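K.L.:
Quick one: this structure, given as structure tokens, is what I'll be asking you about.
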Amino acid sequence: MKNKNFKGALHGWKIHLYLILVDISMIIKWWFVNIPPKKTRRFFVMEKSNQAVSEMTKTALIAALYVVLTVALIPLAYGPIQLRLSEMLNNLTVFNKRYIWAVTLGCLIANLWSSMGVVDVVFGTLGTLVMTSISWFLSRYTTSVPLKLTISVVICTLMSWSVALELHIMSQAPFWWTFLTVGIGEFIATALGAVVIYWISRHYGLTK
């Protein structure tokens, strides 16, 4: 009975954390859309302060979107056979390094729902931080957006070995088979995301 109560409390805490993140991001977004610049400047005197808040807003929005896409599709988001569509957001990191932290934060919160518990929260999140950082670093050597996105898809797919290793250690899943299945899911999610984000990048400035 105590175990059930603890799990229920933990689940409620996860939901509250997610809702707080969404609320904060929406409040900040509403402020900058609806409050006149003159009034805004009373609170943020320096331009750098405005930029910092804008960065935080974008980071929070992408993190919240990652959590929503993951939690809404929980049966597909975890385990040896998975298709975590939220991974498509990894491609944003080739445009601006702020998205490294946005996706990593989203992954950390989303992994609170993982059956592997703290292991996935720590090592799964670390894997996302490493793969997105590598994608951002390598993509700087080309100005071609399609090539940047291709780099991201390849890196994320190859880095799925870290998820396979987690599952191998924690669930005794066969490493190479799990690497294949998780890798396929990662490739589908990031490749689909690359197409969507490429279209968005042609209409909106993702580097800003």
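No value in this document is a laboratory result; all are computed from the given coordinates. Note that the structure is a prediction, hence the values are computed from the model and not measured. Positions of Cβ are generated from backbone atoms using ideal geometry, with glycine treated the same way; all protein chains shown enter the neighbour counts.
K.L.:
Ranking request for peptides 171-179, 80-88: highest mean number of other beta-carbon atoms within 10 Å first, then the rest in descending order. Please report the intermediate quantities before stating the final value.
P.N.:
Details: 171-179: 14.8, 80-88: 20.7.
Going by the mean number of other Cβ atoms within 10 Å, highest first, we get 80-88, 171-179.
K.L.:
Now a separate question. Dipole size in debye (nearest 20) for the range 49-198 around its Cα centre, Lys and Arg Cβ +1, Asp and Glu Cβ -1?
P.N.:
Here the size comes out at about 360 debye.
K.L.:
Of the peptides 112-119, 155-162, how do they stack up when ordered by the mean number of other Cβ atoms within 10 Å, highest first?
P.N.:
155-162, 112-119
K.L.:
Among 97, 58, 208, which comes first, then next, by fewest other beta-carbon atoms within 10 Å?
P.N.:
208, 97, 58
K.L.:
When 200, 134 are ordered from fewest to most other Cβ atoms inside 10 Å of their Cβ, what list results?
P.N.:
200, 134
K.L.:
In addition: Given 0.36 nm per residue, what is the gain on full extension from residue 68 to residue 195 after removing their alpha carbon distance, in nm? It would help to have the intermediate numbers written out before the result.
P.N.:
Working: separation 127, 0.36 × 127 = 45.72 nm, distance 2.03 nm.
Length gained between residue 68 and residue 195: 43.7 nm.
K.L.:
If we count every other residue with Cβ under 12 angstrom of residue 201's Cβ, Lys/Arg +1 and Asp/Glu -1, where does the sum land?
P.N.:
On the way: positive: 148, 202, 208; negative: none.
That works out to +3.
K.L.:
Further, regarding this structure: Report the label-to-label distance for residue 54 and residue 122 in nanometres (one decimal), using points 7 Å from each Cα along the Cα→Cβ vector.
P.N.:
3.9
K.L.:
Starting from the Cα gyration tensor of the range 39-168, take the square roots of the eigenvalues, sort them a ≥ b ≥ c, and report rounded, prolate or oblate (rounded when a/c is under 1.5, otherwise prolate if a/b is larger than b/c, else oblate).
P.N.:
Oblate, because a/c is 1.5 or more while a/b does not exceed b/c.
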